[in-house]
Amino acid sequence: MPLIDSFGRKVNYLRLSITDRCNLRCSYCMPSDGVAKLHHQDILSYEELFQIARAAVALGVEKIRVTGGEPLVRKGVVDFLRRLATLPGLRELALTTNGILLEKMASELRQAGVSRLNISLDSLQPETFARITRLGDVQQVVRGIEAAEAASLPIKINMVVMRGVNDAEITDFAALTLQRAHAVRFIEYMPAVPNPQTASLAFPGAEILARIGEHFRFEPIGKDRLAGPAKNYRIAGALGTLGIITPISNHFCGDCNRIRVTSTGRARSCLFSNHELDLRPLLQAGDAAGLRQALRACISSKGDMHSVSWQESGALENFAMVAVGG
Ligand code: SAM
Ligand code: SF4
Ligand code: SF4
């Protein structure tokens, strides 16, 4: 029986964070001094994460995205993914990564059963990339993308657009789709880290499309059933596609199909909800029925929409994207 929330939305997608650690320090995701590292014993074991995934799939979840922090920094991630891929009923196993470690891992991820990769890349310019990520070398990500291509992994490239930071590169990213069969997606910056400049960083989706339209002719295209909230387009003659994701200027909560579980075992009904349900006691008690019931309760408690804007952070408190997994 499909999982339906109290607003009639079918929930079939779990975003599962497996670590709070990261090898980058992106300015929009965590404060400059980083976030307090959790103790090793607070992070769920792979066995516990698997129990959650199994319970979710038994309830009707068809797509799992493994995220973090940076999922590829956690030791044993490939074996964990291989095990997840065996879950009967799971149709899509996706991974979101910053791509830094991808060059060496792409081929084994493919073999483990990962069906697609989302690679976060906000700039193609070395200095801008280093400024946004506070640490990163863009060439490592570029080599990671090439390795993923060589491994025949379908790729989405996600760019968070910030005014005055990387918006000058919107057309360069759009142009990537001319020669490569990737989905390049432009995501509105969300006010996730307390930042007095939030409003000035905002760059609405409509303006992103207008910017692309100054250089390219493009048409809307459809999407498949398990696809995310992007509105998709193709530049005439391009191999790849463009997507615009507008969580703030034109939210898609009415079609929301997802829940999240953090690496500490907290089920979260909405990205921006402060309400979390602790699954650990159920995991520790080996209570599989209780676990399924808790996931159902999480789905039932989903709100109808968020109230975050570029001017008002809504009910956001103590929120760090790195801890929730995006
Ligand atoms: N480390 C991985 C990565 O960066 O892809 C996975 C975790 S990261 C939290 C997941 C996604 O959240 C990334 O695509 C990142 O760009 C996005 N994200 C983080 N903070 C954001 C913000 N303030 N606004 C929009 N997207 C954000
Ligand atoms: Fe790390 Fe991803 Fe957050 Fe960047 S967006 S700091 S790579 S978790
Ligand atoms: Fe779903 Fe919450 Fe995201 Fe809206 S903000 S799409 S309700 S998770």
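The values are calculated or read from the model by the stated rules, or taken from the named source; none is laboratory data. Bear in mind the structure is a predicted one, so any value in this text is a computation, not a measurement. As a convention, Cβ positions derive from the backbone with ideal geometry for all residues, glycine included, and neighbour counts pool all protein chains shown. Heavy atoms of the whole protein, side chains included, go into the accessibility calculation; ligands, DNA and RNA do not. Shrake-Rupley method; radii C 1.70, N 1.55, O 1.52, S 1.80 Å.
Odds and ends about this structure:
- The set of residues in the stretch 237-273 being within 16 Å of ligand 2 (Cβ to nearest atom) and within 30 Å of F216 (Cβ to Cβ) consists of I245, P247.
- Unmet requirement for T198, which otherwise passes all of (1) more than 19 Å from P229 (Cβ to Cβ); (2) away from ligand 2 (no atom under 15 Å from the Cβ); (3) in contact with a helix residue (DSSP H, G or I) (Cβ under 9 Å, 6 or more places away or on another chain): (3)
- For the stretch 276-283, the condition of being modelled with pLDDT of 85 or more, farther than 18 Å from I43 by Cα and of a type outside the set (A, V, I, L, M, F, W, C) holds for none of the residues.
- Given (1) open to solvent by less than 30 Å² (accessible area, probe 1.4 Å); (2) touching an Asp or Glu at 6+ places or on another chain (Cβ under 8 Å), index of the condition V35 fails: (1)
- Which numbered condition F129 fails, given (1) among the aromatic types (F, W, Y); (2) touching a residue at least 24 places away in the same chain (Cβ under 8 Å); (3) more than 28 Å from H39 (Cα to Cα): (2)
- Residue in the stretch 306-325 that is away from ligand 2 (no atom under 16 Å from the Cβ) and outside any loop (DSSP other than H, G, I, E, B) present: no
- From the options T171, T177, residue that is assigned to a helix (DSSP H, G or I) and buried (at least 21 other Cβ atoms within 10 Å of the Cβ): T177
- Odd one out for R15, checked against (1) under 18 Å from L117 (Cβ atoms); (2) open to solvent by 20 Å² or more (accessible area, probe 1.4 Å); (3) away from ligand 3 (no atom under 16 Å from the Cβ): (3)
- Yes/no for R163 being modelled with pLDDT of 95 or more, assigned to a helix (DSSP H, G or I) and basic (K, R): no
- Put simply, of A323, A315 the only residue that is surrounded by 17 or more Cβ atoms within 10 Å (Cβ to Cβ), under 22 Å from P194 (Cβ atoms) and modelled with pLDDT under 80 is A323.
- Residues that are touching a helix residue (DSSP H, G or I) at 6+ places or on another chain (Cβ under 9 Å) and open to solvent by 60 Å² or more (accessible area, probe 1.4 Å), drawn from the stretch 212-248: E214, H215, K231, R234, G237, L239
- Odd one out for D42 among (1) more than 20 Å from the chain's Cα centre (by Cα); (2) charged (D, E, K, R); (3) buried (at least 18 other Cβ atoms within 10 Å of the Cβ): (3)
- The stretch 217-255, residues that are charged (D, E, K, R) and within 20 Å of D304 (Cα to Cα): D255
- Subset of the stretch 20-46 (residues that are within 9 Å of ligand 2 (Cβ to nearest atom) and touching a Ser or Thr at 6+ places or on another chain (Cβ under 6 Å)): D20, L24, C26
- When S273, S307, S269 are checked against the criterion of being at pLDDT below 95, open to solvent by 30 Å² or more (accessible area, probe 1.4 Å) and not hydrophobic (A, V, I, L, M, F, W, C), a single residue qualifies: S307.
- Residues satisfying the stated conditions in the stretch 27-45, i.e. touching a residue at least 12 places away in the same chain (Cβ under 8 Å) and assigned to a helix (DSSP H, G or I): D42
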